[in-house]
Amino acid sequence: MPCSAGVRLDIGSILGLAETPQPEDHWAPPVYTCTYALPEGSFVLSVQEAADDGAARKEFDSLQSSTSGAAPIEGLANLGFPAFQSESGIVGFVKDNMTLKVDASALKEAVGPHQVTRSALAYQVATVILACWKS
């Protein structure tokens, strides 16, 4: 999902890019990584598959505790899943046996023609990916 056409189009649209970005993907079981080399810096999406939902939750909890400044996303913004966001531009969600990490921390604080914060960009892209995930 992180390298899908829909995600590429959304990133290109949000950032006002002339061309749809073409990411580099990498599969190193159990983690699938998609790296976007953008004019404003690198943007990295990763999905880690776990053996079961409980193992995924442990991975998510570990990711959240190791992310500086991570704060839970609550209410409708978390889409009903455990989620966190940091001001540095890292967003994490867990759904079923998968943990999603969206890392925009290498980007400038505000990006694109509408000066979207890197945290907002990470959240927007995470929601695009979550909308595609099937149980």
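Among the residues making up region 93-113, those that are surrounded by fewer than 17 Cβ atoms within 10 Å (Cβ to Cβ) and free of Cβ contacts under 8 Å to residues at least 24 places away in the same chain are GLU109, ALA110.
Quick one: would you say GLY6 is within 21 Å of GLU109 (Cα to Cα) and either open to solvent by less than 60 Å² (accessible area, probe 1.4 Å) or assigned to a strand (DSSP E or B) (or both)?
No; evaluated as a whole, the condition is false for this residue.
Just one residue in the set ALA51, ALA70, ALA106 is in contact with a Phe, Trp or Tyr (Cβ under 6 Å, 6 or more places away or on another chain) and farther than 17 Å from TRP133 by Cβ; that residue is ALA70. Of the strands (runs of 3 or more DSSP E) that lie entirely inside region 16-69, those containing 3 or more residues that are open to solvent by 80 Å² or more (accessible area, probe 1.4 Å) span 24-28. Tallying residues that are of a type in the set (A, V, I, L, M) and surrounded by fewer than 15 Cβ atoms within 10 Å (Cβ to Cβ) within region 70-92 yields 4. Looking only at region 61-77, decide whether some residue is at pLDDT 95 or above, over 12 Å from the mean Cα position of the chain (by Cα) and closer than 20 Å to HIS26 by Cα. Yes.
The values are calculated or read from the model by the stated rules, or taken from the named source; none is laboratory data. Computed from a prediction, not measured in an experiment: that's the story for all the values here. A quick note on method: Cβ atoms are made from the backbone with ideal geometry, for glycine too, and the neighbour counts reach across all protein chains shown. Protein only, heavy atoms only, side chains kept; ligands, DNA and RNA dropped before computing areas. Shrake-Rupley method; radii C 1.70, N 1.55, O 1.52, S 1.80 Å.
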